[in-house]
Amino acid sequence: AAKGRGRNCAEFYTRKMGADAERHLMLQSAMRTALAHGEFELCYQPKVALPDGQMFGMEALLRWRRPGHGVVPPAEFIPLAEETGAIVAIGEWVLRTACNQLRRWHDQGYTRLTMAVNLSGRQFARQDVPALIRQVLADTGVPAASLELELTESILMSEGTAVTDALLQLKDIGVTLALDDFGTGYSSLSYLKRFPIDVLKIDRSFITDLASDAENASLTRTIILMAQSLHMKTVAEGVESVAQLSFLRRCKCDAFQGYFFSKPLDAEGVTGLLRDRRCLPAVVRHQRGRQTL
Ligand code: C2E
Ligand code: MG
Ligand code: MG
Ligand code: MG
């Protein structure tokens, strides 16, 4: 019976792998025309500072709306785009679209707003990222200081000096460099010293159970202290509750992002938020009055 079960199991996995592989190929093929057909969209999620709930920046997040299939999440299609190299053209589109949108918001008077764009390691491997950034800033008229690039730890782990050189050039251009999902990769302290990183984004997995998990709470506190001693700013991802927010504030985390303030919205939705300055949920305004935050 055990043998039979084993075979069924193996069959199940083979079939599942086959189905996954088929879906991957299908998506990779659909992706080839997606840019030209205008199927990509950006949404934007605010980064908020306290005590006043100021939305000082936005993060651009990519969406692929496949006609007749709904929205494919980036966690599913970005690794596939990295495999085929489509990420280069897509990444360029993201940068241009995000910077054009930021230009519009600057023109509407929100002149201090920043824009963060996620970059994939493959982009560094396959193209001259600093040259691209210079070009996009020149084309869109966005000041370098208004652009932030979110990198993952895996980019820093790549061999050789090419990435170090690229990051130093990016610092020379004047853009801000943030390390995304901090704490989920190798988080080697030597990377933080070696690379010109300005901002640590603490991964959502630490924030999720801050209230119930003492280890995550102390890790979060330690990450913030470490960032301070290295003169880096901290942003907490995935803030969903006032309890998480109070804890992070006590730790002197600099900024916050998460559904508690706002989900990612389309440009129009964000313009509405900016106009109403509506990014401080009522519960925070209330607590602030009582000095509990
Ligand atoms: P990320 O850069 O760490 O972005 C944060 C993700 O967490 C986003 O998912 C966002 O919608 C989600 N999120 C934000 N606040 C909360 C919250 O309070 N609770 C929960 N449960 N989730 C929250 P999304 O948009 O699905 O993006 C997933 C990842 O895909 C991003 O993680 C980023 O690594 C990647 N990505 C997105 N857009 C791009 C892009 O243009 N280029 C590249 N290379 N990667 C991208
Ligand atoms: Mg990010
Ligand atoms: Mg992140
Ligand atoms: Mg994340």
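In sequence order, the range 53-62 has phi-based couplings of x, 5, 8, 8, x, 10, 10, 7, 10, 7 Hz under the Karplus curve 6.51 cos²θ - 1.76 cosθ + 1.60, θ = phi - 60°, and Gly or Pro positions carry x. Around the amide H of A211, modelled in the peptide plane, lies no amide H under 5 Å away from a residue 5 or more places distant or on another chain. Across the range 1-149, the mean sequence separation of Cα contacts (distance under 8 Å, 6 or more residues apart), normalised by length, yields a relative contact order of 20 percent. Legend: translational diffusion of the chain by Stokes-Einstein, Rh = Kirkwood radius over C-alpha pairs, 25 °C, 0.890 mPa s; D = 119 µm²/s.
Between amide H atoms placed 1.01 Å from N, distances below 5 Å from E59 occur with Q45, K47, A116, all of them 5 or more places distant or on a separate chain.
With contacts taken as Cα pairs under 8 Å at a separation of at least 6 residues, the chain carries a relative contact order of 17 percent. Phi angles of the range 17-23 translate, via the Karplus equation with coefficients 6.51, -1.76, 1.60 and θ = phi - 60°, into HN-Hα couplings of 5, x, 5, 4, 4, 5, 5 Hz per residue; Gly and Pro are given as x.
Along the range 74-85 the Karplus relation, 6.51 cos²θ - 1.76 cosθ + 1.60 evaluated at θ = phi - 60°, assigns HN-Hα couplings of x, 4, 8, 8, 5, x, 6, 5, 5, 4, 8, x Hz to successive residues, with x for each Gly and Pro. A run of the chain free of exposed loop cleavage sites, with GluC sites (Glu not before Pro) counted only in DSSP states other than H, G, I, E and B and at most 16 other beta carbons within 10 Å, reaches its longest extent at 1-158.
Sorted ascending by nearby beta carbons within 10 Å, beginning with the fewest, D180, D165, D203 become D165, D203, D180.
Pairwise alpha-carbon distances in the range 23-76 exceed 13 Å for 67% of all pairs. Under 30 Å from the Cα of K16, which lysines turn up, not counting those fewer than eight places away in the same chain? Straight-line reach from K16, under 30 Å: K3. By other beta-carbon atoms within 10 Å, ranking M26, M232 with the fewest at the front produces M26, M232.
Computed with the Debye formula from one identical point scatterer per Cα of the range 21-165, without solvent, the log10 of I(q)/I(0) at q = 0.09, 0.11 Å⁻¹ comes to -0.31, -0.46. By the count of neighbouring beta-carbon atoms within 10 Å, fewest first, K171, K252 end up ordered K252, K171. Pairs spanning more than 19 Å between alpha-carbon atoms, out of K193/K252; K47/K233; K47/K193; K233/K263; K171/K252: K193/K252; K47/K193; K233/K263; K171/K252.
No lab work stands behind these numbers, since they all come straight from the coordinates. On a predicted model such as this, the values are computed, not experimentally measured, just so you know. Using ideal geometry, Cβ is built from the backbone for each residue, glycine included, and neighbour counts are taken over all protein chains shown.
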